[in-house]
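A quick write-up on the structure given underneath.
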Amino acid sequence: MQRVAILGATGSIGASALDVIARHPHRMRASVLAAGTRVDELLALCRTHRPEHAVIADAAAYRALRDGLRDAGLDTEAHAGADALDALVAGDACDSVVAAIVGAAGLSSTLSAARAGKRLLLANKESLVLAGELLMQAAQAHGATIVPIDSEHNAIFQCLAGNPGETPARITLTASGGPFRGWSRDALAAVTPAQAVAHPKWSMGPKISVDSASLMNKGLEVIEAHHLFGIPGERIRVLVHPQSLVHSFVDFADGSTLAQLGLPDMRTALAVGLGWPQRIASGVPALDLLAEGGRLDFAEPDLDAFPCLALAFRALQAGGAAPAVLNAANEEAVSAFLQGRIGFLSIPDVVAHALDAMPATPADSIDALLAADAWARSQACARIARKAA
Ligand code: NAD
Ligand code: MG
């Protein structure tokens, strides 16, 4: 019986993970469920899935969680705070960890799972962008298997399965193009948060939906691919593929190109991570290309309308703490955009400003990277305050 910890259980990836796990009651169960602030939603999940442990990040919500579990007659133990989560992830309460907290807030628990040698189903791409080298080193040193839970990287993981240890000649990440594909830069100036989170192909949390609309998501994924597969930025390409059926391509030295296809549903990637190396049912039907319209289109991304993608390539090339600065400034800008404080085009402006102003910073430890993250957030907040005024 595989015991799975789900971090970010109340989110979109958390729901997909619980759906797949519930299809295999004799093989696996959710033993730890963790969420940020929404106690009622976490309690509802505990009633359905009956984990041994439930963790709420917000310490002020501990009593509500504990009392709610008791009132529901559950044996689930209540915990609160990031340290409690890190300890549970590292301990014997779970064999596998679905890291699906959104943002840099997920770094500590993701690192904890890697250092404990767990199977790490890694959706929290921001932790790889922030501290990819140190995270990959920790996983290698402690024997943790990382299965990427991002459709593109999960596709590449599957394409590389026949050639373990091989570095591909080139990777092509596909991008849906988001809700504003084909829009000019001018037209993007007035878009609203509601428009930005209405993704045409994927149903996701608000932060990644805005990132998909700005193409920053694809930029974060370029950096993610660099760390996961040890490939330099020059050998990573992005193509817009509006059907979102080909999840990525891998080119090999012999002229072969492998791709993975499937309907856009994250349960496939989660089933790969939960069952690997076996294939298990995910609830996602097989792809019928004709029913999906019978065509696959590809185009270059428009870097003028969507400068966030170019900013991410720039941060990857600069190296050091630049990706951490990119990620932190973007998190602050997206949050301000979702609150209606700044416009959509201010997102790349805030990120570019932080990268331009960035001093030469060491990036050789988690503490140094977290200091760069904090510096970038203060820079971004000051810029946002000036724009919002
Ligand atoms: P979401 O907003 O739906 O869910 C986020 C989850 O994180 C919630 O359960 C929330 O309670 C929890 N959380 C937030 N802050 C926390 C904290 N400080 N401590 C503990 N828990 C906290 O987001 P999502 O769409 O599920 O995305 C989660 C992660 O997966 C992101 O990093 C995203 O980039 C990545 N991802 C998502 C998708 C997708 O299809 N949704 C695809 C690829 C990658
Ligand atoms: Mg993706």
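The values are calculated or read from the model by the stated rules, or taken from the named source; none is laboratory data. These numbers come from a predicted model, not from an experiment. Cβ coordinates were reconstructed from backbone atoms using ideal geometry, including for glycine residues, and neighbour counts include every protein chain displayed.
Do we have residue 235 as touching an Asp or Glu at 6+ places or on another chain (Cβ under 9 Å), more than 16 Å from ligand 1 (Cβ to nearest atom), basic (Lys, Arg) and under 30 Å from residue 144 (Cβ atoms) here?
Yes: the conditions hold for residue 235.
Condition first: surrounded by 10 or more Cβ atoms within 10 Å (Cβ to Cβ) and either under 30 Å from residue 146 (Cβ atoms) or out of contact with any strand residue (DSSP E or B) (no Cβ under 9 Å at 6 or more places or on another chain) (or both). Now tell me which residues in the stretch 280-294 satisfy that. Residues satisfying the conditions are 280, 281, 282, 283, 284, 285, 287, 292, 293.
Scanning the stretch 348-372 for residues being within 17 Å of residue 131 (Cα to Cα) and charged (D, E, K, R) gives a total of 2. Select from the stretch 101-122 the residues that are part of a loop (DSSP other than H, G, I, E, B), in contact with a strand residue (DSSP E or B) (Cβ under 6 Å, 6 or more places away or on another chain) and of a type in the set (A, V, I, L, M, F, W, C) and list them in ascending order. Once the filter is applied, which keeps residues that are part of a loop (DSSP other than H, G, I, E, B), in contact with a strand residue (DSSP E or B) (Cβ under 6 Å, 6 or more places away or on another chain) and of a type in the set (A, V, I, L, M, F, W, C), the stretch 101-122 yields only 101.
Looking across the stretch 135-164, just one residue is among the polar types (S, T, N, Q), part of a loop (DSSP other than H, G, I, E, B) and assigned by TED's automatic domain parsing to the domain that holds residue 124, and that is 145. Note on the stretch 11-45: among residues that are surrounded by fewer than 21 Cβ atoms within 10 Å (Cβ to Cβ) and of a type in the set (Ser, Thr, Tyr), the one that is farthest from the chain's Cα centre (by Cα) is 37.
Residues in the stretch 155-173: is at least one more than 22 Å from residue 367 (Cα to Cα), within 14 Å of ligand 1 (Cβ to nearest atom), touching a helix residue (DSSP H, G or I) at 6+ places or on another chain (Cβ under 6 Å) and small (Gly, Ala, Ser)? Scanning the stretch 155-173, I find no residue that is more than 22 Å from residue 367 (Cα to Cα), within 14 Å of ligand 1 (Cβ to nearest atom), touching a helix residue (DSSP H, G or I) at 6+ places or on another chain (Cβ under 6 Å) and small (Gly, Ala, Ser), so the answer is no. Among the conditions (1) without any contact (Cβ under 8 Å) to a residue 24 or more places away in the chain; (2) hydroxyl-bearing (Ser, Thr, Tyr); (3) more than 28 Å from residue 335 (Cβ to Cβ), residue 62 misses just one, which is (3). Restricting attention to the stretch 238-273, the residues that are within 13 Å of ligand 1 (Cβ to nearest atom), in contact with a strand residue (DSSP E or B) (Cβ under 8 Å, 6 or more places away or on another chain) and among the polar types (S, T, N, Q) total 2. Within the stretch 170-190, does at least one residue satisfy the condition of being free of Cβ contacts under 8 Å to residues at least 40 places away in the same chain, within 16 Å of ligand 2 (Cβ to nearest atom) and surrounded by 23 or more Cβ atoms within 10 Å (Cβ to Cβ)? Within the stretch 170-190, one or more residues are free of Cβ contacts under 8 Å to residues at least 40 places away in the same chain, within 16 Å of ligand 2 (Cβ to nearest atom) and surrounded by 23 or more Cβ atoms within 10 Å (Cβ to Cβ). Does residue 167 meet the test of being outside any helix (DSSP H, G or I) and at pLDDT 95 or above? Criteria not met by residue 167. Screening residue 128 against (1) of a type outside the set (Lys, Arg); (2) modelled with pLDDT under 95; (3) in a helix (DSSP H, G or I) leaves a single unmet condition, (2).
If the condition is being of a type in the set (S, T, N, Q) and away from ligand 1 (no atom under 15 Å from the Cβ), then the stretch 1-44 contributes 2, 31. Pairs meeting the criteria (first residue in the stretch 219-246 and closer than 20 Å to residue 307 by Cα, second residue acidic (Asp, Glu) and within 16 Å of ligand 1 (Cβ to nearest atom), beta carbons under 8 Å, at least 6 apart or on different chains) are 220/126; 220/211; 221/150; 221/152; 224/150; 225/152.
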